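Structure first, then comments.
Where a number appears in this text, it was derived from the coordinates with a stated rule and is not lab data. Every value quoted in this text rests on a predicted model; they were computed, and no experiment measured them. No Cβ is skipped: glycine too gets one built from the backbone with ideal geometry, and neighbour counts run over all protein chains shown.
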Amino acid sequence: MTVRRHAAAQPARWKWVVGGLSAVAALVSVVADLQSIDVGRGPFAFWVGRVERVRWLAITPRADTATAVGDTLALAASAADEHGAALAVLPVTWRSLDTAVATVDSAGLVVARGPGRARIEATLGARRAEAVVVVDPRAVAIVPDTALARPLAEGEARALAAEVRDGRGHGIARATVAWTSADTGVVQVRGDTLLGVAPGEAVVVAASGPVGASVRVRVAAAAAELAVLEGDGQRALAGRTLARPVRVRVLSASGRPLAGSVVQFLPDAPDASASPAADTTDAQGLAATSWRLGSLAGRQRLTVAADRRVATDLVADAEPEAAATRVRVQLPSDSGTVGRRLGDHAVVRVQDTLGRAIAGVPVAVTTEGRGTLAPPQLVTDSTGEAHFTWVLGPSAGRQRVRVQVGRASLVPPVTAEVVARADSAVALVLLRGDRQRAAAGTTLPAPVVLEARDAHGNAVAGAAVRLAPGAGSVPESLVVTDRQGRVSARWRLGAAAGPQELRARLGDATGASVRVTADAGPGAPATVAVEGAPASATAGRPLRLRIKVTDEAGNPVPDVALRLVPATGRVEPMRGVTGKGGELGVRWHLSPRAGPQSLRAEVQGHPVRATVEVQGRGVTRQAPPRRREAPAARPP
């Protein structure tokens with residue numbers, strides 16, 4: 001590629017010619033003026049007089065362009081009086097209105113300082129004139145960054161950079177550069193980045209307008225990926241060599257095995273080792289070593305690095321031995337509430353016999369109850385501690401957590417226990433004493449037993465229970481559950497026979513309640529009464545009577561055997577049993593003899609009896625009515 005150099009110097013030559021001609025004309029004018037000088041007036045009066053005569057001021061050329069920073073341009077100022085005659089040898093003042101683009105000296109010589117547009121002003125007395133200078137650097141050379149010539153690794157990306165320079169070697173800041181690759185199978189241009197694709201060489205071309213440059217780029221195969229083939233995630237006793245070797249394969253960016261790559265094996269434990277510590281990959285890109293763990297139990301790491309470009313970590317668990325391990329479980333409290341979290345968190349602390357913290361040891365926690373442990377699988381941190389939370393199970397009583405550090409065959413488990421208390425009582429359960437039967441006004445034969453329970457069904461001690469019998473009474477209306485969560489109450493029934501109810505409620509009026517029922521039967525026969533007997537009745541006629549048996553409270557007593565003993569007349573039946581209403585219906589046939597008559601009712605087996613008397617009235621006989629004869633029939 002041919003690059004034209006010093007192109008900016010060509011247009012400057014004619015500018016110097018124009019400036020020279022202008023200077024010659026000015027010199028001729030000066031000589032003519034000097035001939036007309038009045039020496040007696042002095043030089044100052046001469047200049048002032050000529051300035052006052054200026055009526056027109058101009059700059060030649062009025063516009064010019066510099067194509068490189070540092071280029072110089074010559075400007076000339078010309079003045080004329082009111083008659084159009086040129087005036088020379090006058091003190092013109094030059095000034096740049098944008099010195100970042102161009103500067104001007106006292107002779108009108110302009111120097112380009114940076115790209116842009118600048119106004120140059122000439123002042124003579126009260127007259128001013130302006131010219132425009134444009135600095136537009138033109139590219140004449142491209143210099144690629146020297147970093148592009150360094151070898152590029154396969155898969156590596158490198159920023160594209162080049163400097164575009166003008167004719168005087170100054171960089172053009174806003175110049176754009178277009179990059180292309182002559183062989184995209186080796187190297188590719190992606191935006192402002194150069195990417196090594198495959199081993200080989202390729203030419204990369206940079207172009208800015210008509211100017212271009214090229215650079216030869218070499219792409220070398222390099223380690224881009226480490227594939228672990230064997231040896232990760234093993235377990236062994238601390239200080240022992242792992243059963244399987246560590247094997248890795250080094251791959252290039254295109255996924256091809258890389259031979260000759262130096263692989264280093266770096267264990268993190270201070271007394272651990274890898275043999276060999278470094279290996280060179282073979283034709284299949286393989287490297288291997290044996291890993292001996294450090295003496296301190298816990299999770300250990302082996303860093304594998306290839307050519308110091310790519311690296312990966314393998315882990316192994318160095319398991320503790322029982323003789324060299326101390327495990328302690330610290331619970332936040334020795335008691336808690338069922339179904340709730342036990343304090344903040346529990347701590348498992350693992351140390352060796354020297355008191356050093358053992359980090360990276362797996363810890364498994366389980367509970368014998370139905371509680372929840374989170375997380376169930378732990379690993380000790382750098383302080384040798386593992387933290388977990390314990391939500392107690394639903395059963396009140398002792399609950400245990402089992403902590404296993406490492407393998408159970410090497411380290412025995414450790415247990416810790418807490419006492420789980422019942423939660424607040426939310427339910428009341430009737431255990432015994434429902435549907436009993438007793439005589440009205442007496443105490444039921446068995447006590448009423450209730451139990452307060454929480455939401456998980458545990459008995460709750462110390463819960464308040466209110467007892468409210470619908471009839472009868474209890475010794476205390478407000479009782480508290482005992483250690484077993486129970487209350488026992490003796491219920492004395494009310495005096496009225498029939499179904500009765502006791503309402504038990506937990507706590508206040510909004511608590512859970514339970515209903516206890518009992519059947520109050522009548523008491524022992526206390527009275528017997530003969531009902532339906534009039535004070536007097538016709539002798540010899542039957543009377544219908546009701547024999548009623550009641551207890552002390554007036555409740556009818558059924559199923560009572562009665563014996564009826566008439567002093568006169570006869571009764572049917574003479575023996576009977578009272579029905580549901582405590583009554584027995586009988587028919588008493590009075591004696592035909594007039595006078596007082598009595599009937600005694602006795603309750604068999606009880607000293608309860610009653611006698612009723614009726615005054616029998618005699619029967620008055622009357623003559624039968626006379627029969628009236630029918631009148632004789634008249635003859636027709």
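Taking amide H atoms as placed 1.01 Å from N in the peptide plane, the amide H of residue 65 lies under 5 Å from those of 134, each 5 or more residues away in sequence or on another chain.
Taking the average, over residues, of other Cβ atoms within 10 Å as the packing measure, peptides 167-180, 101-114, 187-200 rank 101-114, 187-200, 167-180 from highest down.
Phi angles across segment 157-174 convert, under the Karplus curve 6.51 cos²θ - 1.76 cosθ + 1.60 with θ = phi - 60°, into 3J(HN,Hα) values of 10, 9, 5, 8, 8, 7, 10, 9, 10, 8, x, 9, x, 8, x, 9, 5, 8 Hz, Gly and Pro given as x. In this structure the amide hydrogen of residue 87, modeled in the peptide plane, comes within under 5 Å of the amide hydrogens of 79, 80, 81, none closer than 5 places in sequence on its chain.
Spatially, segment 278-312 and segment 388-458 are offset by 56 Å when compared through their Cα centroids. Helix 43-52 axis versus longest C-alpha principal axis of the chain: approximately 60°, rounded to the nearest ten. Residue ranges 407-415, 421-429 sort as 421-429, 407-415 when ordered by packing (mean number of other C-beta atoms within 10 Å per residue, highest first). The long axis of helix 10-35 is offset from the longest Cα principal axis of the chain by roughly 60 degrees.
Remark on residue 440: its backbone amide H falls under 5 Å from those of 521, 523, a criterion applied only to residues 5 or more positions apart or on other chains, H modelled at 1.01 Å from N. For residue 107 and residue 387, the difference between the fully extended length at 0.36 nm per residue and the C-alpha to C-alpha distance is 92.1 nm.
One chain, two ends: residue 216 and residue 98. Fully extended at 0.36 nm per residue, the span grows by 38.2 nm beyond their Cα-Cα distance. Backbone phi angles across segment 525-542, fed through the Karplus curve with coefficients 6.51, -1.76 and 1.60 (θ = phi - 60°), yield HN-Hα couplings of x, 10, 9, 10, 9, 9, 10, x, 8, x, 5, 9, 7, 5, 4, x, 8, x Hz in residue order; Gly and Pro are listed as x.
Taking each DSSP H run with n ≥ 4 as -39500 (n - 2.57) and averaging over every residue of the chain yields -2000 deg cm²/dmol at 222 nm. The stretch between residue 488 and residue 240, if pulled fully straight at 0.36 nm per residue, gains 82.5 nm over its current Cα-Cα span. Across segment 503-512, rounded Karplus estimates of 3J(HN,Hα) from the backbone phi angles (6.51 cos²θ - 1.76 cosθ + 1.60, θ = phi - 60°) give 9, 10, 10, 8, x, 7, 5, 9, x, 5 Hz, Gly and Pro being marked x. Between residue 273 and residue 519, the modelled labels are 9.4 nm apart [label points 7 Å from Cα along Cα→Cβ].
Looking at the square roots a ≥ b ≥ c of the eigenvalues of the Cα gyration tensor of the chain, which shape do they give, rounded for a/c under 1.5, prolate if a/b is larger than b/c, or oblate? Judged from the Cα gyration tensor, the chain comes out prolate (a/c at least 1.5, a/b above b/c). The packing ranking of peptides 242-252, 467-477, highest mean first, is 242-252, 467-477, where packing means the average number of other beta carbon atoms within 10 angstrom of each residue.
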